[in-house]
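Reviewing the structure listed below.
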Amino acid sequence: MDTMSTDTKQGGAMHWHVRKLLTVIAEAALERKLIEESLALGIGGYTISEVRGGGAHGVRAGEWEGERSIEFKVLCDADAADRLAGAIMERYSRHFALVLYTTDVGVLRSEKFS
């Protein structure tokens with residue numbers, strides 16, 4: 001299903017379009033590579049935040065440059081999310097700490113997130 005509607009107070013309906021939110025939590029050293037991979041697949045927009053946390057690779061508190069982590073997010077269609085996730089896993093998963101997950105989200109102006 002590509003669209004869903006939500007009633008608004010003005011009596012009209014908002015027409016939401018289903019897209020994927022792909023989130024990648026990675027070592028900060030991959031930031032430039034993640035941007036390049038995304039742009040190469042035609043995904044032009046992204047959001048990057050510095051994050052801290054712990055998991056299988058230990059605690060990443062970000063106290064020194066080598067242990068910084070980022071959260072890289074893109075909104076796109078399911079096919080683009082699959083291609084980007086596949087490229088990231090193939091090229092970087094053996095040598096870098098990575099977590100990837102997707103979520104279905106509703107967006108307005110769907111043409112921005114193809």
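The values are calculated or read from the model by the stated rules, or taken from the named source; none is laboratory data. Everything quoted here is computed from the prediction, not taken from an experiment. Note: ideal-geometry Cβ built from the backbone for every residue, glycine included; neighbour counts use all protein chains shown. The protein model used for the area step is the full one, side chains on, heavy atoms only, and it has no ligands, DNA or RNA in it. Shrake-Rupley method; radii C 1.70, N 1.55, O 1.52, S 1.80 Å.
Add +1 for every Lys or Arg and -1 for every Asp or Glu among the other residues with Cβ under 14 Å from the Cβ of Y92, and state the total.
On the way: positive: R32, K33, R91, R94; negative: E27, E31, E36, E37, E90.
My count for the surroundings of Y92 gives -1.
Looking at the square roots a ≥ b ≥ c of the eigenvalues of the Cα gyration tensor of the range 19-105, which shape do they give, rounded for a/c under 1.5, prolate if a/b is larger than b/c, or oblate? Don't skip to the end; give the middle numbers.
Working: a/c = 1.85, a/b = 1.74, b/c = 1.07.
Because a/c hits 1.5 or more and a/b exceeds b/c, the range 19-105 counts as prolate.
Rounded to a whole number, what % of the accessible area of the range 19-105 do carbon and sulfur atoms account for, probe 1.4 Å?
On the way: 2440 of 5000 Å².
Ligands and nucleic acids excluded, carbon and sulfur give 49 percent.
Using the beta-carbon distance between V51 and H95 and R0 = 25 Å, what value does 1/(1 + (r/R0)^6) give for FRET efficiency, to the nearest 0.05? Don't jump to the answer; show the numbers that get you there.
Values: r = 20 Å, r/R0 = 0.79.
That gives a FRET efficiency of 0.80.
Using Cα pairs under 8 angstrom and six or more residues apart, how large is the relative contact order of the range 19-105, in percent? Before the final figure, lay out the partial values.
Values: 140 pairs, mean separation 43.6, N = 87.
Reported as a whole number, the value is 50 percent.
For the range 19-105, report the accessible area per residue in Å² (1.4 Å probe, heavy atoms, rounded to an integer).
On the way: 5000 Å² over 87 residues.
I get 58 Å² per residue for this part.
Could you order the peptides 23-31, 99-107 from most to least packed, using the average number of other C-beta atoms within 10 Å per residue?
Values: 23-31: 18.7, 99-107: 13.1.
Ranked from most to least packed, the peptides come out as 23-31, 99-107.
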